Amino acid sequence: MVESSGKNACVIGYPIKHSRSPRLHGFWLQHYGIEGCYAAESIAPEALPTFLDSLKKGTLIYCGGNATIPHKEAVLALADHADETAKVLGAANTYWVEDGALHVSNTDTYGFLGNLDDGAPDWDASKVSGAKTAIVLGAGGASRAIVYGLITRGFKSIILANRTVERAHALADHFSDLALANDCEIMPQSLPQAEAHLSQADLLVNTTSLGMVGQDDLVFSLDSIPRSAVVTDIVYTPLETDLLKQARANGNRTVDGLGMLLHQAVPGFEKWFGVRPEVTDALRNHVLQDL
Ligand code: ATR
């Protein structure tokens, strides 16, 4: 474990060596002149309860950190206090100790929304008095955080398209009460069906890993998307995916996925180190250099 006289945090995962979080938080620590470190700890699933126990007892150097695969559900299950988003999403990515208790949060929704607010201001206000429609590709963990964000931002129609349509149905069921309370309809579909509804879209989001370096391409034609629609992708390697390239060529506003990673890190850094950090071009370039 890394030693330092200041406050310290770490990302836990298994494996962990590909995490971008140490580079990201390391930039902010240096930028704000904070004495402390942000490390990466490889914690096997069976070692997680002991790690969190030691953290609560104050016998580790860390005051908190991030949790990534495969710990996001387990950290929530082992927490003493979880915020609303973590409970709704059934997973936590941020943890800290307060008065000997383990607190957890999920900042993925915050990161998704913050990225769009930053990269496409007013992206959620295109039809203030009408029904806003989003098309979301994918129905995994990332999709769950994004669908939650879209319901809270007033989207009235969410076309939720997935290769495995049953998974889209399960996700729609998960949010059925919240959607009803917010006058939002979630429509589970196949990917080709969603393509046919593209002319209704105010927002298109790819939440699948398709289009990422080393993965299959996302085959999805944007021919009928309205010019006013915003297109975003959670994939950030490459920074401009084929989907974003297609959207840019069409004249649509596009927002790449790197910003979601950067924005989701803000609340955790503030919690551990006491400074609310800013997402800047300098941070973006610093993280980009190592992608
Ligand atoms: P995450 O937590 O990052 O969202 P996940 O829960 O594994 O990861 O979800 C991955 C998403 O990408 C799913 O929607 C998955 O579709 P399935 O539910 O049908 O598996 C989608 N995905 C991954 N590979 C895909 C592929 N080759 N074609 C279509 N969709 C794919």
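So what's the net charge close to Leu24: Lys and Arg +1, Asp and Glu -1, counting the other residues with Cβ under 13 Å from its Cβ?
+1
Mind checking the full-extension length gain between Asp83 and Asp118? Use 0.36 nm per residue of separation minus the Cα-Cα distance, one decimal, nm.
Answer, rounded to one decimal: 10.2 nm.
Rounded to two decimals, what ratio of Rg to Rh does the chain give with C-alpha atoms and a Kirkwood Rh?
Value, to two decimals: 0.98.
Hey, any idea what % of the chain's accessible area is carbon plus sulfur with a 1.4 Å probe?
For the chain, the apolar C and S fraction of the accessible surface comes to 49 percent.
How far is it, in nm, from the label point at Asp173 to the one at Ser209 when both lie 7 Å from their Cα along the line to the Cβ?
2.5 nm
On a full-extension model of 0.36 nm per residue, what is the gain between Asn285 and Ala125, subtracting their alpha-carbon distance, rounded to one decimal in nm?
Separation in residues times 0.36 nm, less the Cα-Cα distance, equals 54.7 nm.
Just give me a number: lysine pairs in the chain, eight or more positions apart or cross-chain, with C-alpha atoms less than 30 Å apart.
29
With everything on Cα atoms, drop me the angle between helix 48-57 and the longest principal axis of the chain, reported from 0 to 90° to the nearest 10.
60 degrees
Quick check: pseudo-label points 7 Å beyond the Cα along Cα→Cβ at Ser221 and Lys57, how many nm apart are they?
Calculated label separation equals 6.3 nm.
Exactly which trypsin sites (Lys or Arg not before Pro) in the range 9-100 are in a DSSP loop and have at most 13 other Cβ atoms within 10 Å?
Qualifying residues, ordered by number: Lys17.
What is the spin-label model distance, in nm, from Ala44 to Val165 if the labels are put 7 Å beyond Cα along the C-beta direction?
With each label placed 7 Å out from Cα toward Cβ, I get 4.3 nm.
Specify the inter-centroid distance of the range 141-209 and the range 6-45, based on alpha-carbon positions, in whole Å.
33 Å
Counting GluC sites (Glu not before Pro) as exposed when in a DSSP loop with at most 12 other beta carbons within 10 Å, what is the longest stretch of the chain free of them?
36-277
Just add up the charged neighbours of Pro238: K/R +1, D/E -1, any other residue whose Cβ is under 12 Å from the Cβ of Pro238.
-4
In a solvent-free Debye calculation with one equal scatterer on each Cα, what is log10 I(q)/I(0) for the range 205-291 at q = 0.11 Å⁻¹, listed in the order of the q values?
So the normalised log intensities work out to -0.37.
When a/c is below 1.5 the answer is rounded, else prolate if a/b is larger than b/c, else oblate, so apply that to the range 100-189 with a ≥ b ≥ c taken from the square roots of the Cα gyration tensor eigenvalues.
oblate
Classify the range 1-122 from the C-alpha gyration tensor, please: rounded if a/c falls under 1.5, else prolate or oblate depending on whether a/b exceeds b/c.
Cα axes put the range 1-122 in the oblate bin.
In Å², what does the accessible area per residue of the range 130-204 work out to with a 1.4 Å probe?
41 Å²
The values are calculated or read from the model by the stated rules, or taken from the named source; none is laboratory data. This structure is a prediction, so every number in the text was calculated from the model and none was measured. Glycine also receives a Cβ, built like all others from the backbone with ideal geometry; neighbour counts cover every protein chain displayed. Heavy atoms of the whole protein, side chains included, go into the accessibility calculation; ligands, DNA and RNA do not. Shrake-Rupley method; radii C 1.70, N 1.55, O 1.52, S 1.80 Å.
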